[in-house]
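Working notes, beginning with the structure itself.
The values are calculated or read from the model by the stated rules, or taken from the named source; none is laboratory data. Treat the numbers as computed from the prediction; the structure is a model and nothing was measured. Here the Cβ positions follow ideal geometry from the backbone for every residue, glycine too, while neighbour counts run over all protein chains shown. Ligands, DNA and RNA are excluded from the accessible area calculation, which covers all protein heavy atoms including side chains. Shrake-Rupley method; radii C 1.70, N 1.55, O 1.52, S 1.80 Å.
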Amino acid sequence: GEDVEQSLFLSVREGDSSVINCTYTDSSSTYLYWYKQEPGAGLQLLTYIFSNMDMKQDQRLTVLLNKKDKHLSLRIADTQTGDSAIYFCAESGYSSASKIIFGSGTRLSIRP
Amino acid sequence: EPEVTQTPSHQVTQMGQEVILRCVPISNHLYFYWYRQILGQKVEFLVSFYNNEISEKSEIFDDQFSVERPDGSNFTLKIRSTKLEDSAMYFCASSPEALGRGTNTEAFFGQGTRLTVV
């Protein structure tokens, strides 16, 4: 079945860039997402990228997609303490047309 | 900005009891979903619902679970005879079109209901 994998933890210094990586298995993925979950809160969609794109930039966020390697990354420039959260990579596609498949989430912590 | 709302935010129930988790999806959305997240684990798909019927469900969504759209605005998840392992955060979501196929594929999630079975 479809699977999405990502590392569990990432620690960065405030002001540095954070890069969160993700791999997925579904070759028919059409959309790939990054969701943010702050402590005790719900899932907030940060950004998504269509599978025919290589890159998408939105203010401090840059998403890179390598469809050949099924690899997705999220770069957060100038990481701030407010960026501390769990970041979920997710995908939807024709083989999972009515649902989103989530990764385990990467907990991003910010060092002063 | 329109949002998905869920009630209650926290529900405590005794093992064996039935619970109903309530959601109000965004008003012009047609597809509805329930997900759950056991503490520290992945967000897992439970069920999707369209045109008043289940369109897809996971192996987690067994006979203990049911969904309903009773009045055109609410979307409920019923869990019969709750077990300790049903303790989780349950997220409702909605989207205007089917995910992965439409031009607008964003699914909007509610804040979740934390279910604690004791």
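Key figures for this structure:
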| item | result |
| --- | --- |
| Sole exception among (1) out of contact with any Gly (no Cβ under 7 Å at 6 or more places or on another chain); (2) surrounded by 15 or more Cβ atoms within 10 Å (Cβ to Cβ); (3) of a type in the set (A, V, I, L, M) for A:Val4, by number | (1) |
| Which listed residue is modelled with pLDDT of 95 or more, more than 25 Å from B:Phe91 (Cα to Cα) and either buried (at least 17 other Cβ atoms within 10 Å of the Cβ) or of a type in the set (D, E, K, R) (or both), from A:Asp54, A:Asp16, A:Asp58 | A:Asp16 |
| Filter pass, B:Arg36 being within 11 Å of the chain's Cα centre (by Cα) and either among the polar types (S, T, N, Q) or open to solvent by 20 Å² or more (accessible area, probe 1.4 Å) (or both) | yes |
| Residue in the stretch A:57-71 that is of a type outside the set (Phe, Trp, Tyr) and on the phi > 0 side of the Ramachandran plot present | yes |
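Okay, residues lined up against (1) more than 12 Å from chain A (Cβ to nearest Cβ); (2) outside any loop (DSSP other than H, G, I, E, B); (3) open to solvent by 30 Å² or more (accessible area, probe 1.4 Å); (4) touching a residue at least 60 places away in the same chain (Cβ under 8 Å):
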residue: B:Met15; (1), (2), (3), (4): yes, no, yes, yes
residue: B:Leu21; (1), (2), (3), (4): yes, yes, no, yes
residue: B:Phe45; (1), (2), (3), (4): no, yes, no, no
residue: B:Ser48; (1), (2), (3), (4): no, yes, no, no
residue: B:Ile54; (1), (2), (3), (4): no, yes, yes, no
residue: B:Ser73; (1), (2), (3), (4): yes, no, yes, no
residue: B:Thr76; (1), (2), (3), (4): yes, yes, no, no
residue: B:Ala93; (1), (2), (3), (4): no, yes, no, yes
